[in-house]
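The values are calculated or read from the model by the stated rules, or taken from the named source; none is laboratory data. Keep in mind that what you see is a predicted model, and the values were worked out from it rather than measured. Every residue, glycine as well, gets a Cβ built from its backbone with ideal geometry; the counts of neighbours run over all protein chains shown. Remember, those area values only see protein heavy atoms, side chains included, never the ligands or the DNA or RNA. Shrake-Rupley method; radii C 1.70, N 1.55, O 1.52, S 1.80 Å.
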Amino acid sequence: MSLSKQQIQTLVGLIAATESDDLSCEDCFGRIGEFAEKSLEGRELSEGMQLIQRHLEQCPCCSEEYKALIEALQEINVEQV
Amino acid sequence: MATVEKDDWVERLSASGEVRDQAVTELRVILVRGLASTCRNRYDNRVQADDVVQDALIKILDKLHTFEGRSKFTTWAMTIAVRTAMSEMRRRHFKDVSMESLLGDGMRFEPAANEASGDPSERDDMLTKLRELVETSLTDKQRDAVHALLHGMPVEVFAEKTGSNRNAVYKLVHDARAKLRQGFEQAGYKAKDISAVLA
Ligand SMILES: [Zn+2]
């Protein structure tokens, strides 16, 4: 079956968003908690944290997990600070 | 570097008897509350927080000695719990999907609409280039991984079903994307041009 218009758009989006990325998913996972806290506090990102951001922008799996993590942290932070 | 909140989770979870049991119980409550949010409205709600919290707790207790204090302890524990939950949701969601049925006879493109008319639009030119690049510059493995991704299969699931690992498949796909991007650039198309016309 041919790719749908939407799949082609997704593919083009992936191609256009491609930047160099020195991190693996494991590297990203190792620092994602720190990244999430900094983001939730609206803090400026250090160089190391910018690498995490770059990986998240390109890795759908890590980015999906990150969104879920933010939701979970917001949920628990409502009561526990 | 800002100081990270000091808490006694690690100490209590490493203790024995009642202290430890109490800490585990408290942590479980926190994780379930967070995971309930994670599991809601994702992958058909097939996974409930209670289903995965036990696995997550085991992993957390197992890795306790690796906690470096870069974040709050509960944040760190939640990263492990969320990843455990997401992996399980993905696994269950794609459990019955075979690679053969997903990939079919390979990644195919409709011929561009005006390909035969001799007056191709910019869009058709780009589609033709995309097809050519996919067919000639990617390895079979890269094509399969990209194809599966376009069908919504997460890299983690693809890795599991093909006996690989997530880091390797992420790299495989990333290299494929870089090759396609480079191919477009060599043909004179910048990333923003192709997004403007095709995305
Ligand atoms: Zn990743």
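Helix content alone sets the calculated 222 nm mean residue ellipticity of chain B: runs of n ≥ 4 DSSP H residues at -39500 (n - 2.57) each, divided across all residues, give -21000 deg cm²/dmol.
Counting Lys and Arg as +1 and Asp and Glu as -1, each charge on the Cβ, what is the dipole of the protein assembly as shown about the Cα centre in debye, to the nearest 20? Please report the intermediate quantities before stating the final value.
Numbers: 37 positive and 48 negative charges, 42 e Å.
With only Lys, Arg, Asp and Glu charged at Cβ, the dipole is about 200 debye.
Please get the size of the charge dipole for region A:23-80, origin at its Cα centre, with Cβ charges of +1 on Lys and Arg and -1 on Asp and Glu, quoted in debye to the nearest 20. If you can, show how the numbers build up before the last one.
Details: 5 positive and 13 negative charges, 31 e Å.
So the magnitude is around 140 debye.
Which Cα, out of B:Met153, B:Gln186, B:Leu64, lies furthest along the positive dipole direction of chain B (beta carbon charges, K/R +1, D/E -1)? Working it through, the farthest residue towards the positive pole turns out to be B:Leu64. Dipole magnitude for region B:99-198: about 500 debye, using +1 per Lys or Arg Cβ and -1 per Asp or Glu Cβ, origin at the Cα centre.
Between B:Lys192 and B:Glu18, the FRET efficiency from the beta-carbon distance, with R0 = 51 Å, is close to 0.25.
Compute the FRET efficiency between B:Thr139 and A:Gln53 as 1/(1 + (r/R0)^6), taking r as their Cβ-Cβ distance and R0 = 35 Å, and round to the nearest 0.05.
Numbers: r = 29 Å, r/R0 = 0.83.
Efficiency computed from Cβ-Cβ geometry: 0.75.
Dimensions of chain B from C-alpha coordinates, computed as largest minus smallest value along each principal axis and given longest first, are 80, 44, 28 Å. In the assembled protein chains, A:Leu51 presents an accessible area of approximately 80 Å² (probe radius 1.4 Å). Across region B:160-199, the residues whose backbone nitrogen lies under 20 Å from the label position 7 Å along the beta-carbon direction of A:Gln9 are B:191-199.
The distance from the alpha carbon centre of region B:58-78 to that of region A:34-80 is 16 Å, rounded to a whole number. In chain A, helical runs assigned H by DSSP with n ≥ 4 each contribute -39500 (n - 2.57); averaged across all residues and rounded to the nearest 500, the mean residue ellipticity at 222 nm is -23500 deg cm²/dmol.
In nm², what is the average projected area of the convex hull enclosing the Cα atoms of region B:9-95?
Details: hull surface 22.3 nm².
Convex hull of Cα atoms, orientation-averaged projection: 5.6 nm².
Based on the Kirkwood approach, the hydrodynamic radius assigned to the protein assembly as shown is 20.8 Å, with every pair of different Cα atoms included.
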